[in-house]
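The values are calculated or read from the model by the stated rules, or taken from the named source; none is laboratory data. The structure presented is a predicted model; accordingly, all values stated were derived computationally and were not measured. All Cβ positions, even for glycine, are placed from backbone atoms using ideal geometry, and neighbour counts span all protein chains on display.
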Amino acid sequence: MRRRWMSAVAVTVAGLLTLTACGDGGGSAQSPQADAAKKVEVFSWWTGPGEADGLKAMKEIFEKQNTGLTFFDAAVAGGSGDKARALLATKLQADTPPDTFQGHAGAELQGYIKAGDLESVNFLYDELKLRDVFPQQLVDQISVDGQIYSVPVNIHRSNVMWFSPVVLKEAGVTEVPATIEDFVAALEKVKQKGKVPLSIGSEWTVVHLLESVLLGSLGTEAYNRLWTANSDWSGPAMTKALNDFKTIMSYAGDPQDDWQPAAKQVADGEAGFTIMGDWAYGYFHNPPDGGLGKTSKTDFDWAPAPGTGGTFMWLSDSFTLPKGAPNRDGAVAWLKVAASKEGQDAFNPKKGSIPARKDADASLYTDYLADALKDWGSNKLAGSIQHGVTVNDAWRTAINEAVGLFQQSQDVAALQTALAEAAKNSGQ
């Protein structure tokens, strides 16, 4: 399996390099060097409905404001960015970075910073006065020794339980489950009606589920301690949390290819629940040319993942300035759009996220997004595992591998041992 995966990455690398070599010439009489100077390669994993629409909205602003530059979309498909990061690592090792690349704010960026792959963007924060418009916690998470290394575009919530009101009504679930115990009882009722109790996607979506179960079972303070020197991955509280995870996973349907088809099962009334980040809102809500065109509170509804009410498990997408970017000026121009009020207000309502800026137009954020804005300002905070806030890439990979083995073995003791070992070896 690993050999096939590496072959796929190699094919993707070759394909991307071929596309990059093609540039924007298309029969232009200009030299290849001139074409390269015009092109700005923006590397992300935003290819799905909602996220791709938001990226397109920012692209339109970018090209309108920078008529001498051409946006080159180097997005790589695959939820949560695992495939994109694998390809990005190859490009960085070969000293062929894109002009800018997407990265989750937090520990995920630390590896790039320590490897010397990123240029400080303090100059941009000074020029645009970004410290005045971004939350201090975000600025802290993307800084090392006073240097800031990325521009955050949004805030996402990870711990969202999406559910089908129709399926729950048919199953006799009269209260939205607020605790893990209530959640298990509701899953059982849905199962008895012959529907999929819990829809899941590829492996990373199961790690996404795990982080919400850990938060709901351990509580916010104990969860946040997992990323400190006072962590306890081997104790009885963690054992209980992982047994809760095993019980919940016993109600999962057949894994779908990614989060979108898993979410669609809920929207179509085929499944009762899915635990997914709030980017799912854009997919549910956006018109059919970019989403499912579903109606909130009728076709789908939401609540905090069981046991996590009052806590906002957050993540943030950001863009970087790689050292040696072929078109540094173009990359800086893109970062200015990503940082701007106009760019974030164009992007986030389509993506299903809220702005990183504190001065965005609140009237654009309605329905679920209005709830998210309110909760971001009032809830306790916890960082996502899968989406780069709490763990670096090596640690996250070890957690993914442990969860993948657990899906085959269902061995809680082995999973706990593997997670404790991953924390011990994290070097974070």
**Fill in**
In the stretch 260-275, anything modelled with pLDDT of 95 or more and surrounded by 18 or more Cβ atoms within 10 Å (Cβ to Cβ) is listed as ALA262, ALA263, LYS264, GLN265, VAL266, ALA267, ALA271, GLY272, PHE273, THR274, ILE275
**Message:** Return the residues of the stretch 328-364 that are of a type in the set (Lys, Arg) and either closer than 17 Å to VAL139 by Cβ or surrounded by fewer than 20 Cβ atoms within 10 Å (Cβ to Cβ) (or both); say none if nothing qualifies.
**Reply:** ARG328, LYS336, LYS341, ARG357, LYS358
**Request:** Output the number of the condition that GLN141 fails; it satisfies all remaining conditions of (1) closer than 17 Å to ALA338 by Cβ; (2) of a type in the set (S, T, N, Q); (3) modelled with pLDDT of 95 or more.
**Result:** (3)
**Request:** Evaluate the stretch 204-226: report whether one residue or more is assigned by TED's automatic domain parsing to the domain that holds ALA303, charged (D, E, K, R) and free of Cβ contacts under 8 Å to residues at least 40 places away in the same chain.
**Result:** yes
**Complete:** Of the residues in the stretch 209-240 that are closer than 17 Å to LEU187 by Cβ and out of contact with any strand residue (DSSP E or B) (no Cβ under 7 Å at 6 or more places or on another chain), the one that is surrounded by the fewest Cβ atoms within 10 Å (Cβ to Cβ) is SER217
**Message:** When you check ARG131 against the structure, is it among the charged types (D, E, K, R), out of contact with any Gly (no Cβ under 6 Å at 6 or more places or on another chain) and within 30 Å of SER199 (Cβ to Cβ), yes or no?
**Reply:** no
**Test: residue in the stretch 71-80 that is farther than 9 Å from VAL42 by Cβ and out of contact with any Phe, Trp or Tyr (no Cβ under 9 Å at 6 or more places or on another chain)** = no
**Request:** Looking only at the stretch 10-65, count how many residues are at pLDDT 90 or above and touching a strand residue (DSSP E or B) at 6+ places or on another chain (Cβ under 8 Å).
**Result:** 13
**Message:** Given the criteria polar (S, T, N, Q), in the same structural domain as THR295 (by TED's automatic domain parsing), in a helix (DSSP H, G or I) and closer than 16 Å to GLY404 by Cα, does THR239 qualify?
**Reply:** no
**Item:** All helices (runs of 4 or more DSSP H) inside the stretch 289-386 with 1 or more residues being free of Cβ contacts under 8 Å to residues at least 40 places away in the same chain and under 23 Å from LEU118 (Cα atoms)
**Value:** 328-339
**Prompt:** Quick one: how many residues across the stretch 153-172 are more than 23 Å from THR205 (Cα to Cα) and in contact with a strand residue (DSSP E or B) (Cβ under 8 Å, 6 or more places away or on another chain)?
**Reply:** 1
**Message:** Looking only at residues that are of a type in the set (Asp, Glu) and under 20 Å from the mean Cα position of the chain (by Cα) in the stretch 378-427, which one is nearest to GLY216 (Cα to Cα)?
**Reply:** GLU401
**Request:** Give ALA325, ALA422, ALA370 a once-over and let me know the one that is at negative phi and surrounded by fewer than 20 Cβ atoms within 10 Å (Cβ to Cβ).
**Result:** ALA370
**Complete:** Checking ALA360, ALA423, ALA333 in turn, the sole residue that is at pLDDT 95 or above and closer than 30 Å to GLU60 by Cβ turns out to be ALA333
**Item:** Candidate set: the stretch 61-72, residues that are closer than 13 Å to GLU342 by Cβ and either in contact (Cβ under 8 Å) with a residue 12 or more places away in the chain or in contact with a helix residue (DSSP H, G or I) (Cβ under 8 Å, 6 or more places away or on another chain) (or both); chosen: the one surrounded by the fewest Cβ atoms within 10 Å (Cβ to Cβ)
**Value:** GLN65
**Message:** I need the full set of residues from the stretch 161-190 which are in a helix (DSSP H, G or I) and in contact with a Phe, Trp or Tyr (Cβ under 7 Å, 6 or more places away or on another chain), in order please.
**Reply:** LEU187
**Asked** Quick one: which of VAL166, VAL184, VAL153, VAL176 is modelled with pLDDT of 95 or more, surrounded by 20 or more Cβ atoms within 10 Å (Cβ to Cβ) and hydrophobic (A, V, I, L, M, F, W, C)?
**Response** VAL153
**Message:** Suppose the filter is hydroxyl-bearing (Ser, Thr, Tyr), in contact (Cβ under 8 Å) with a residue 40 or more places away in the chain, surrounded by fewer than 21 Cβ atoms within 10 Å (Cβ to Cβ) and within 21 Å of VAL337 (Cβ to Cβ); does THR90 pass it?
**Reply:** no
**Complete:** Counting only residues that are under 16 Å from ARG396 (Cβ atoms) and part of a helix (DSSP H, G or I), the stretch 191-209 contains a total of 7
**Request:** Could you grab me the full set of residues in the stretch 59-105 that are closer than 19 Å to GLY48 by Cβ, in a loop (DSSP other than H, G, I, E, B) and aliphatic (A, V, I, L, M)?
**Result:** ALA74, ALA75, VAL76, ALA77
**Fill in**
Residue count, the stretch 211-269, condition hydrophobic (A, V, I, L, M, F, W, C) and more than 22 Å from ASN392 (Cα to Cα), comes to 11
**Message:** For the condition assigned to a loop (DSSP other than H, G, I, E, B) and modelled with pLDDT of 95 or more, what is the one hit in SER217, SER234, SER212?
**Reply:** SER234
